[in-house]
Amino acid sequence: MEDNLPASLNRYSAVVIPAYEPSPCLIQLVQSLINADYKVIVVDDGSGDSFCHIWDLLDPRTVLMHHTHNEGKGAALKTAFKYISDWMPDAGCIITMDADGQHLIDDMEHVAQCAWLNPGSLVLGSRSFDGEVPIRSRLGNTITRWVFSVTARTKVQDTQTGLRAFDRSLLGFILETDGERYEYEMNVLLRCGRSGIPIIEIPITTVYLDSQNSSSHFNGLRDSIRIYSRIFKFASASLISFCADYLLFLLLTAVFPAGAVFVIVSNVIARIGSASLNYTLNARSVFHDRAPAVTTLPKYAALAVLILLANSLLLALFTGAGIPSPASKLLCELILFVLSYFVQSRLIFTRPMSAKGGDTDAAHAGTHRTAA
């Protein structure tokens, strides 16, 4: 299939498969890929000695890498990406597949071909979620799809798909993205959305080995918290700042004389204090922005002024309509919360996030096996 693709004769596709306690179906998957002339990298993410028989039966042409303990899917993908970056200079297209047999070879080849034909794009193999789909898979994708569309202002049908492909030009960008476990794949999508990198979806067959999708190691509660961690952090920072703002607002309105003018004055003072706190929390804890304050602070200050004006205008409208000032304040904050997140994530704290979690080279990964 790759003979018809726009690549030089010495370039090839590399398939990355992160594997944690895999079933024997991994052996056949790897063999089928190698028979089709793909270079295959399997990363054992700390499965333990009881799975040595699986690794021993893999085709010897497989690049096999080991984590000494379970570090997460994101860490396993990064280990392979680092290996490709360092040791496979002719890998022009990088494809990721899951080890549980849910991705068909034909679908993978369609996704890979699209990546070859669309350099600089991230291509997703997207499931339709029609028919008999395990409830946790259907529900999980519905929630993450909604969260992603709100956060990145980009619609993606299947945010949780492990079948993805991209050309080498994106390797560094994807390798440096935050995340060590299941949240890593969502963070890649978020960064692509924020950076204007095209996301292309190719329909694929939805395959589940049983009604509960028991082959998946996704932990609904724990991994969902990781996936949504940025939004949770932003909401927490906003809540802390709001509490400071609200308490100061109540204190000032209790001290100042009654009247609309003093309500506005109290709101301005409270907003200045809470905005300073919110900037610090978002820059350091939410977006992990590496840009100097001289770059981000003026933009944040401009946003704070606009939010303040909008907040004060809405507050005046609501209190003028007879809504008590405490309730008016709550309503204003709810309306402006989403606007603030959009602007901060897309226009202010846009510096790429650096990778976390330490070394991902072959030595850190443990032993690896390459073709002789």
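Considering 354, 312, which residue is among the hydroxyl-bearing types (Ser, Thr, Tyr), modelled with pLDDT under 70 and more than 30 Å from residue 59 (Cα to Cα)?
354
Could you look through the stretch 297-325, keep only residues that are surrounded by 13 or more Cβ atoms within 10 Å (Cβ to Cβ) and under 18 Å from residue 254 (Cβ atoms), and pick out the one that is farthest from the chain's Cα centre (by Cα)?
319
Of all the residues that make up the stretch 299-343, how many are among the basic types (Lys, Arg) and more than 20 Å from residue 247 (Cβ to Cβ)? Give the steps one after another, and end with the answer.
Initial filter on the stretch 299-343 (among the basic types (Lys, Arg)): 299, 329.
From what is left, the residues that are more than 20 Å from residue 247 (Cβ to Cβ) are 299.
Summing the residues that are among the basic types (Lys, Arg) and more than 20 Å from residue 247 (Cβ to Cβ) in the stretch 299-343 gives 1.
Could you tell me whether the stretch 242-254 includes any residue that is in contact with a helix residue (DSSP H, G or I) (Cβ under 7 Å, 6 or more places away or on another chain) and modelled with pLDDT under 80?
yes
For residue 120, are the conditions met, namely being assigned to a loop (DSSP other than H, G, I, E, B), modelled with pLDDT of 80 or more and not β-branched (Val, Ile, Thr)?
Judged against the criteria, residue 120 is a match.
Which residue, of 185, 176, is surrounded by fewer than 16 Cβ atoms within 10 Å (Cβ to Cβ), among the charged types (D, E, K, R) and modelled with pLDDT of 80 or more? Even if it seems obvious, please write down each step before you answer.
Details: 185 fails: surrounded by fewer than 16 Cβ atoms within 10 Å (Cβ to Cβ).
So the residue among 185, 176 that is surrounded by fewer than 16 Cβ atoms within 10 Å (Cβ to Cβ), among the charged types (D, E, K, R) and modelled with pLDDT of 80 or more is 176.
Which residues, taken from the stretch 80-119, are small (Gly, Ala, Ser) and within 19 Å of residue 161 (Cβ to Cβ)? Talk me through it step by step, then tell me what you get.
Applying the first criterion (small (Gly, Ala, Ser)) to the stretch 80-119 yields 80, 85, 91-92, 99, 101, 112, 115.
Across the stretch 80-119, the qualifying residues are 80, 99, 101, 112, 115.
What number of residues within the stretch 72-115 are under 21 Å from residue 182 (Cα atoms), acidic (Asp, Glu) and out of contact with any Ser or Thr (no Cβ under 7 Å at 6 or more places or on another chain)?
1
What is the one condition in (1) modelled with pLDDT of 85 or more; (2) surrounded by 14 or more Cβ atoms within 10 Å (Cβ to Cβ); (3) of a type outside the set (Phe, Trp, Tyr) that residue 140 does not satisfy?
With respect to (1) modelled with pLDDT of 85 or more; (2) surrounded by 14 or more Cβ atoms within 10 Å (Cβ to Cβ); (3) of a type outside the set (Phe, Trp, Tyr), residue 140 is out only on (1).
Does any residue of the stretch 148-158 turn out to be within 17 Å of residue 201 (Cβ to Cβ) and modelled with pLDDT of 80 or more? If you could, list the steps in order and put the result at the bottom.
Taking the stretch 148-158 first, the residues within 17 Å of residue 201 (Cβ to Cβ) are 148-149, 152-158.
So of that shortlist, the ones also modelled with pLDDT of 80 or more come out as 158.
Yes.
The values are calculated or read from the model by the stated rules, or taken from the named source; none is laboratory data. The shown structure was predicted, so the numbers you read here are calculated from the model rather than taken from an experiment. Neighbour counts are summed over all protein chains in view; Cβ atoms, including those assigned to glycine, are modelled from backbone coordinates with ideal geometry.
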